[in-house]
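One structure is given here, and the rest of the page talks about it.
Since every read-out is calculated from the coordinates, none of them should be taken as a lab result. Remember, predicted model here, so these are calculated numbers, not experimental data. Neighbour counts run over all protein chains shown; Cβ positions are idealised from the backbone, glycine included.
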Amino acid sequence: MVEKSKRVKIPSQFPDFFDFEQSQLVSFIKYYYEWLETMGPDFYSRRILDYNDIDFKQDGYQLFDQFLHDEFLKGVPENLLVDDRFLIKHIKDFYRAKGTEDSIRLLFKILYGENVSFDYPGKYILRASDGKWTIEKSIKCSIIDLDLDIQTTSNFDTVIGVSSNASARIDRIETKIENSQTIYEIFITNVNGNFVDGELIKSKLTDEIIFKIIPSGIIVYPGRYINTDGFLSSDKVLEDNFYYQEFSYVIKSGHTLSEYEDALKNLTHPAGTKFFGSYQLEITIDISEDLQVYLD
């Protein structure tokens, strides 16, 4: 247990012949101990356990607050939207995520209370042989369960052919009218095995029979490119090793780059990459009061 005062022991430190009421030496010692316990080193040393509690707040502790900021928030601007002590408690999570989108988002939350978004110029670079080629496969079916909600059927993970034991994942389902009958064309991916005409189709999830493949209902479409990646006529650009490169990123924010550049570099910018700032201007106009509509 830490003693709270040494002044009570002053009389025991002097011989009996001292006049404690009149002695200037005793008065000096009393004031000296009082200074130690209110402003001097003794004041702080006797409260070392209080200092271990980061939530402990008292007038005169500004120097300690500055020490905590310099020790744990080095490089973080001092004018923050959050309390320093709250931030220090959670700063470990920020440092663990350093260099990621999450850490940059948190930095902007701390500085400006703002949600930012990102863009990566590398995805706009023209790459040779980068076209995405696909060959779509589908099975045309009639429905077995008339109470089945076709909108939720596409959520089935996998369908299985009862006769062939072939399996596939449902990509999407399109409803068509053929020969005055409602037909469901099921586009499938990750096909294992070969479905056969006329067989029943069941859901792997529920093991219930839901479709029946119609005659000539197994379709393989001609291959096609699903986008223009790799095309010389596409909207892609040539790599310039500056903005358009694999290791650059863009922060879209309502603040200019000069406002947060230093903090970003010092705290969370990943080494080996280059960042750019995109200024997002948002203007809100209230037209609810003076809006007038004229009709001819």
Candidates per chymotrypsin sites (Phe, Trp or Tyr not before Pro) in the range 189-296, loop by DSSP, up to 16 other Cβ within 10 Å: PHE231, PHE242, TYR243, PHE247, TYR294
Nitroxide proxy distance, nm - points 7 Å out along Cα→Cβ at LYS176 and ASN241: 5.2 nm
Inter-label distance for TRP35 and LEU257, nm, one decimal - labels placed 7 Å from Cα along Cα-to-Cβ: 5.6 nm
R0 of 41 Å, Cβ-Cβ distance ILE285-SER233: FRET efficiency to nearest 0.05: 0.55
At R0 = 30 Å, FRET efficiency that the Cβ-Cβ distance of ILE91 and LYS274 yields, to 0.05: 0.70
Mean-position separation - Cα centroids, the range 212-278 and the range 161-188, in angstrom: 35 Å
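Using 0.36 nm times the number of residues separating ASP102 and LEU200, minus their current alpha carbon distance, what extension gain do you get?
Working: separation 98, 0.36 × 98 = 35.28 nm, distance 4.81 nm.
Additional length available on full extension: 30.5 nm.
Going down the list LYS89/LYS252; LYS74/LYS265; LYS98/LYS132, which pairs span over 24 Å between their C-alpha atoms?
On the way: LYS89/LYS252 28 Å; LYS74/LYS265 12 Å; LYS98/LYS132 34 Å.
From the list (LYS89/LYS252; LYS74/LYS265; LYS98/LYS132), the Cα-Cα distance tops 24 Å for LYS89/LYS252; LYS98/LYS132.
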Full-stretch length increase - VAL250, GLU136 - with 0.36 nm per residue and alpha-carbon distance subtracted: 37.5 nm
